[in-house]
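The values are calculated or read from the model by the stated rules, or taken from the named source; none is laboratory data. Predicted model, so just to flag it, every value in this text is computed and none were measured. Please note: Cβ atoms are built from the backbone with ideal geometry, for glycine as well, and neighbour counts cover all protein chains shown. Surface accessibility is based on the protein's heavy atoms, side chains included, excluding ligands, DNA and RNA. Shrake-Rupley method; radii C 1.70, N 1.55, O 1.52, S 1.80 Å.
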Amino acid sequence: MAWAYIKDANIRAIWSPWVQNLPQLGLALVLFFGGWMVLQGDLKIGQILAFNAYLLMLQAPFMMLGQLVMMGQRAKASAERIFEILDENPDIVDRPGAYDLVDVNGAIVFNHVDFTYGNGVEILTDFDARIEPGETVALVGRTGSGKSTVARLLTRFYDVSDGAISIDGHDLRDLTLHSLRENVGVVLDEPFLFSMSIRENIAYGRPDATLEEVEAAALAANADEFIVRLPEGYDTVVGERGYTLSGGQRQRIAIARTLLLNPPILILDDATSAIDVHVESGIYEALKGLLTQRTTIVIAHRISTIALATRVLLLDEGHVVASGTHEELLANVPLYSEILAQASGAEWS
Ligand code: ATP
Ligand code: MG
């Protein structure tokens, strides 16, 4: 993409002096030959002047025509890309007869799940886990071990290759996608903010939410304190074309967004990157508010986030190799302390 722009600039740099100066060149030629013909007596001065005036009148329309052709070409190229995406059929769709997930308790069962992204590399192999309603479980594993993949499977951005995932006994593939995603909220490690106001970003899943509700969610997510200090408060536009927020601030906005939706099942993919201690405690408080009374899976790298959970699942080589409290795993599973040591090492590097 960048190369295409550079090439574009290059071609312009070479050709636009020619294109722009060609009319002047034409004028010089007309004057030269015309003048010569006048001297020969073949032409009158008035005729040259008239000819020249017509020539000038023609110039602008022809330049416009050139621009139009160029714009047409660009529009065609852009439209092709847009249609490519519009024509793309999603792989994951509601199966015929899919029903809505309602009145969720929040029992999640991974039943011998195998998963590959389709390139032959098996990411999850015989992944087996049972999470009770209302439980908070931390998922811990090396980087690349498939933690975020578990989150993607539970929200059905991909389907399992083998085995099954169920919520309250319903196989995910039997449920409608919109009801599933309404009930399973995800806070991603790299939260996405739209280029619009903070208020609209928080209310994204519930555009009808009142300003009071948005503020309450922001307050619970510990985001209110920095939002009110921004030049335009909740109306501050963020994202690509607006105010740039820090990673910790973006995460708190994402937490507020999820709080407003209040899903019975929550997955929190915690950012690996180091966040300063003050901000971290802010997020920690925000998270505590988020965890009450719902089934939660936190994908954790930091001990402070792991501490939020009542149980830790240790993921290695595609499946759960140990399950227990943080203290139990610390005492009995060498791999666990090893991974924690690596994670905290990465925080300081
Ligand atoms: P981290 O702690 O760094 O976030 P993770 O445990 O969340 O890691 P995943 O994102 O689940 O790891 O990825 C698990 C493996 O799957 C990795 O080896 C990754 O390269 C691979 N992977 C992830 N997404 C895709 C994809 N869309 N297509 C193919 N392979 C993928
Ligand atoms: Mg991840």
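What is the chain's relative contact order, in percent, from Cα pairs under 8 angstrom and six or more apart in sequence?
The normalised contact order for the chain reaches 19 percent.
Rounded to the nearest 10 Å², what accessible area does residue 80 have for a 1.4 Å probe in the complete protein model?
110
Report, in degrees rounded to the nearest 10, the 0 to 90 angle that the Cα long axis of helix 211-220 makes with the longest principal axis of the chain.
Around 60 degrees separate the two axes.
In a shell of Cβ-Cβ distance under 14 Å around residue 293, excluding residue 293 itself, what net charge do Lys and Arg (+1) and Asp and Glu (-1) give? Don't skip to the answer; put the middle values down first.
Numbers: positive: 288, 294; negative: 132, 135.
Overall, the nearby charge balance is 0.
Magnitude of the Cβ-charge dipole of the range 2-86, K/R +1 and D/E -1, about the Cα centre, nearest 20 debye?
Values: 6 positive and 4 negative charges, 24 e Å.
The calculated dipole for the range 2-86 is roughly 120 debye.
Can you tally the net charge around residue 178? Count Lys and Arg as +1, Asp and Glu as -1, for every other residue whose Cβ sits under 15 Å from the Cβ of residue 178.
+1
What do you reckon, how do 51, 127, 32 stack up by accessible area (1.4 Å probe), largest on top?
Of 51, 127, 32, the descending order of accessible area is 32, 51, 127.
Run down the lysines and flag those whose C-alpha is under 22 Å from the C-alpha of residue 7, throwing out any fewer than 8 positions away in its chain.
List returned: 76.
As a test question: what accessible area, to the nearest 10 Å², does residue 27 have when a 1.4 Å probe is rolled over all protein chains in place?
60
Measuring from label point to label point, each 7 Å out along Cα→Cβ, what is the residue 121 to residue 162 span in nm?
Placing both labels 7 Å beyond Cα along the Cβ direction yields 2.0 nm.
Please compute the length gained on full extension between residue 42 and residue 235, using 0.36 nm multiplied by the number of residues separating them and subtracting their Cα-Cα distance.
That pair, residue 42 and residue 235, stretches by 62.1 nm at full extension.
Farthest toward the dipole's positive end in the chain, which of 319, 195, 303, given Cβ charges of +1 (Lys, Arg) and -1 (Asp, Glu) about the Cα centre?
Value: 195.
Using a simple spin-label model with points 7 Å from Cα along the Cα→Cβ vector, what separation in nm is obtained for residue 95 and residue 73?
Label-label distance for residue 95 and residue 73, simple model: 5.1 nm.
Give me the number: length gained by fully extending residue 243 to residue 192, i.e. 0.36 nm times residue separation minus the C-alpha to C-alpha distance, one decimal in nm.
Length difference between fully extended and current span is 17.0 nm.
Please work out how much length the chain gains when fully extended from residue 84 to residue 132, using 0.36 nm per residue of separation minus the C-alpha to C-alpha distance, in nm with one decimal.
Full extension of this stretch gives 13.0 nm more.
Nothing charged except the Cβ atoms of Lys and Arg (+1) and of Asp and Glu (-1): what's the magnitude of the dipole of the range 108-348 about its Cα centre? Round to the nearest 20 debye. Numbers along the way, then the final one.
Values: 18 positive and 35 negative charges, 57 e Å.
Around 280 debye, computed over the range 108-348.
Would you work out which of 164, 102, 71 lies farthest towards the positive end of the dipole of the chain, given +1 charges on the beta-carbon of Lys and Arg and -1 on that of Asp and Glu, about the Cα centre?
Sorting the options by dipole projection puts first 71.
On average, how much accessible surface per residue is there in the chain, in Å², for a 1.4 Å probe, leaving out ligands, DNA and RNA?
59
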